[in-house]
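These notes are about the structure you will find just below.
The values are calculated or read from the model by the stated rules, or taken from the named source; none is laboratory data. Note that the structure is a prediction, hence the values are computed from the model and not measured. In this analysis, Cβ positions are derived from the backbone assuming ideal geometry, glycine residues included, and neighbour counts consider all displayed protein chains. Areas reflect the complete protein model, heavy atoms only, side chains present, ligands, DNA and RNA absent. Shrake-Rupley method; radii C 1.70, N 1.55, O 1.52, S 1.80 Å.
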Amino acid sequence: MRLKRFVANRTLLNATGEENRRDSVVGALRGGSRLIATGLAMIIGGGISPTLRAAPQAPQQDVEQSVQVSGQMQHEGGVPTPLAALVEEAKKNDPTILAAERAARAARFVAPQVSTLPDPQFTLQQFSVGSPRPFAGYTNSDFSYIGLGASQQLPYPGKLKLRGEVADRDADAARVHVDVVLQDEIEMLKTTYFRLAYLQQTLGTIQRNATLLQQVEQQTEAHYSAGMGNQQDVLKAQLERTKILREISMHHQLVGEAQAELKRILRRPQDSPDIIAEPVAATFLRYTASELLDKVREQNPNIHENAAMVERNQTAVELAQKEFRPDFGVSYMYENTDRKFPDYYELSFSVNFPRRKPRQAALAQAQVNVERAQADLDTQLQTALAEVQKQYVMVKTSEEQLLIYRDGLIPQAEATIQAGLASYQSNREDFETLFSSFMDVLSLNLEYQQTILDHETALAHIERLTGVTLP
C-alpha cells in the first residue's frame, strides 16, 4: 500500500513539473510573440512614438497600441494624389523635359543664320605717292587717292535655301525629340507611381496576413499549453512573423526609392512631403492588337523622330550636290583724288572653282547618312511593333490571371485557412497543413498585386509606344 501511494505521488509530481515547464516555455514564447508584435508595429508605424519615449515603464500592450496609433496617424495624414495631376505637374516641371524643349527652341534659330548671305565687307583705302607718309602726293599726283569700297560673297543660287532647309529639318527633329523625352518621362512617372501603389497595397496585404498569422500562432500556443502540440510549431509561426518584419522593412526601402524618383521627375525637393498613390485597379484593354499596331505607325514619337532625320539627310544630299557649283564675289571701290584730278571707279567680279574630291566625299557621306537613317527608321518601327505585340500578349494574359486570382484562387485559399483554423483548434488538422494554407493565402495575395502592377506597367509601355492614352 505504501509503495502504491509513493508511486502515485511521484507520478503527480512529474506531471506537475512537466506542466510547469510547458507553462514556462509558453510564457517565454508569448514574450517573444509580444516582441515581434512590437517590432511589427514600430516598422509599420515608421518609428517609435513619443508615448513610448516618455513612458518606458508602460505595459507592453499599451506600448504596442501607442505605436500603432502613431503609425496610423502618419499614414492617414496625407491625401492620395491622382496620377493625372502628377502627369500635368511633370509636363511643367520635369527638368529633362524642359531641357529638351529649350534645345528645340534653340534649333529654330539656326536656319536664319545659315540661309542668309555672308556678311558684307567695307573697305577704306589710302594710296600715297613718293613717300610712305599718309596722303603724300595727294595734291600733286593723280595716282594718290583715298578709296571707299564694299564687297559681297554670293553663294550659288539655291545653296542658301537648302542650308536653311537642312537647319529646319534639324529643328523638326529636335521638336519631335521633345515628344520622345516627354513620353519617356511620363512612362517613368507612371511606372514609378504604379510601383508605389503596389508597395502601399502589398504592405496592407502583409499586415492583414500578419494578423492572420497571429491567430495561427495563438492557436499553436494553446495547443502546446494543452499538450497537443510541440514547441517547434510555435517557433515556426514566430519565425514567419519575423520574416514579415523583414518584408515590411524592405517595403520601406523600396518606397523611399520610388519617392526619390517621383520627386526628381516632378522637380520637388527631396525633403518635401511624400507622395501617396491612389489604389490601383486593373484597367482592361479595349484596343485590338491590329489597332495598336496601326497607332505605332501613326503616332510613335521615336518613329517620327527617325522619319524627320531621313528627310533631313535627304535634304543634305541635295545640298551636297549643290556644293559642286561655284560661288561668286562682287566688289566696288570709289577712289577719290584731289579735285584737280579725275576720280577712279573700280568694279570687281570673282568666282571660285570648287575642288571635286572633297565635294564627292561629302556627297557620298550624305547619301550613306540617308541609308543609315532609313535603316534606323525601319529598325525602330519593327522594334516598336514587336514590343507592342509582346506587351499586348502580356496584358491579355494578366487580365485572365487577375480574374482567376480574384474569383477563384484567393477566395478558395481564404476559405481553406479559415476552415483549417477551426479544424486545428479542435485538433482535427496538423500544424503543417494549417501553416501551408496560411502561406498560400499570403503568396496568392502578393501574386495578385504583382499581376496588377505588371498589367498597369505594360499598359503604360503601350501608351508610350502607340501615343494613345488608355482609359
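Using the structure shown, decide if L421 is within 30 Å of N302 (Cα to Cα), open to solvent by less than 40 Å² (accessible area, probe 1.4 Å) and not acidic (D, E).
The answer is no for L421.
What are the pairs with Cβ atoms under 8 angstrom where one residue, in the range 127-143, is within 12 Å of T337 (Cα to Cα) and the other, located anywhere, is outside any loop (DSSP other than H, G, I, E, B) and open to solvent by 80 Å² or more (accessible area, probe 1.4 Å)? Sequence gap at least six, or different chains.
As it stands, the answer is F143/F127, since those pairs meet every condition given.
Tell me which of these K236 doesn't satisfy, since it passes every other one: (1) under 30 Å from S423 (Cβ atoms); (2) in contact with a Lys or Arg (Cβ under 8 Å, 6 or more places away or on another chain); (3) modelled with pLDDT of 70 or more.
(2)
Which ones in the range 330-354 are among the charged types (D, E, K, R), open to solvent by 70 Å² or more (accessible area, probe 1.4 Å) and closer than 12 Å to L148 by Cβ? Walk me through how you get there before you give the answer.
Going residue by residue through the range 330-354, those that are among the charged types (D, E, K, R) are 335, 338-340, 343, 346.
Keeping just the survivors that are open to solvent by 70 Å² or more (accessible area, probe 1.4 Å) gives 339-340, 346.
E346, the sole residue that qualifies.
Got a number for residues in the range 312-322 being charged (D, E, K, R) and either crowded, with 20+ Cβ neighbours inside 10 Å or closer than 9 Å to A373 by Cα (or both)?
So the first thing to find is which residues in the range 312-322 are charged (D, E, K, R), and the list is 312, 318, 322.
Subset that is either crowded, with 20+ Cβ neighbours inside 10 Å or closer than 9 Å to A373 by Cα (or both): 312.
The number of residues fulfilling the criteria is 1.
Against the condition at pLDDT below 95, assigned to a helix (DSSP H, G or I) and under 26 Å from P157 (Cβ atoms), how does A111 come out, does it pass?
Yes, satisfied.
Which of the following residues is open to solvent by less than 40 Å² (accessible area, probe 1.4 Å), in contact with a strand residue (DSSP E or B) (Cβ under 7 Å, 6 or more places away or on another chain), on the phi < 0 side of the Ramachandran plot and modelled with pLDDT of 90 or more: L162, L189, L182, L196?
After applying the criteria, what remains is L196.
Return the total of residues in the range 373-396 being touching a residue at least 40 places away in the same chain (Cβ under 8 Å), among the charged types (D, E, K, R) and either farther than 30 Å from L453 by Cβ or exposed (fewer than 13 other Cβ atoms within 10 Å of the Cβ) (or both).
Looking only at that region, the number is 1.
Kindly indicate whether F122 is more than 30 Å from F438 (Cβ to Cβ), surrounded by 17 or more Cβ atoms within 10 Å (Cβ to Cβ) and in contact with a Gly (Cβ under 8 Å, 6 or more places away or on another chain). Before the answer, list the steps.
Numbers: more than 30 Å from F438 (Cβ to Cβ): yes; surrounded by 17 or more Cβ atoms within 10 Å (Cβ to Cβ): no; in contact with a Gly (Cβ under 8 Å, 6 or more places away or on another chain): yes.
Answer is no for this residue.
Among P358, P342, P326, which is at negative phi and free of Cβ contacts under 8 Å to residues at least 24 places away in the same chain?
Unique residue meeting the criteria: P358.
Give the range 107-126 a look and list any residue that's in contact (Cβ under 8 Å) with a residue 40 or more places away in the chain and under 30 Å from E185 (Cβ atoms), or say none.
Scanning the range 107-126 gives A107, R108, V110, A111.
Which of the residues spanning the range 288-333 are outside any helix (DSSP H, G or I) and of a type outside the set (D, E, K, R)?
T288, N300, F324, P326, F328, G329, V330, S331, Y332, M333
Could you please give the count of residues in the range 156-184 that are part of a helix (DSSP H, G or I), within 22 Å of D327 (Cβ to Cβ) and among the small types (G, A, S)?
2
Just for the range 424-471: of the residues that are of a type in the set (D, E) and within 28 Å of E387 (Cα to Cα), which one is surrounded by the fewest Cβ atoms within 10 Å (Cβ to Cβ)?
In this case the residue turns out to be E447.
Residue by residue through the range 270-289, note down the ones that are free of Cβ contacts under 8 Å to residues at least 24 places away in the same chain and open to solvent by 80 Å² or more (accessible area, probe 1.4 Å).
Q270, D271
List pairs: first in the range 412-425 and in contact (Cβ under 8 Å) with a residue 12 or more places away in the chain, second among the hydroxyl-bearing types (S, T, Y) and surrounded by 15 or more Cβ atoms within 10 Å (Cβ to Cβ), Cβ under 8 Å, 6+ apart or cross-chain?
Within 8 Å, the pairs are A413/S437; T416/S437; I417/S437; G420/S437.
Can you say whether L292 is touching a residue at least 60 places away in the same chain (Cβ under 8 Å) and closer than 22 Å to A458 by Cα, as far as the supplied structure shows?
Yes.
Quick one: is Q401 at pLDDT 95 or above and either of a type in the set (D, E) or part of a helix (DSSP H, G or I) (or both)? Don't jump to the end; show me each part of the working.
Details: at pLDDT 95 or above: no; either of a type in the set (D, E) or part of a helix (DSSP H, G or I) (or both): yes.
Spelling it out, it is not the case that Q401 is at pLDDT 95 or above and either of a type in the set (D, E) or part of a helix (DSSP H, G or I) (or both).
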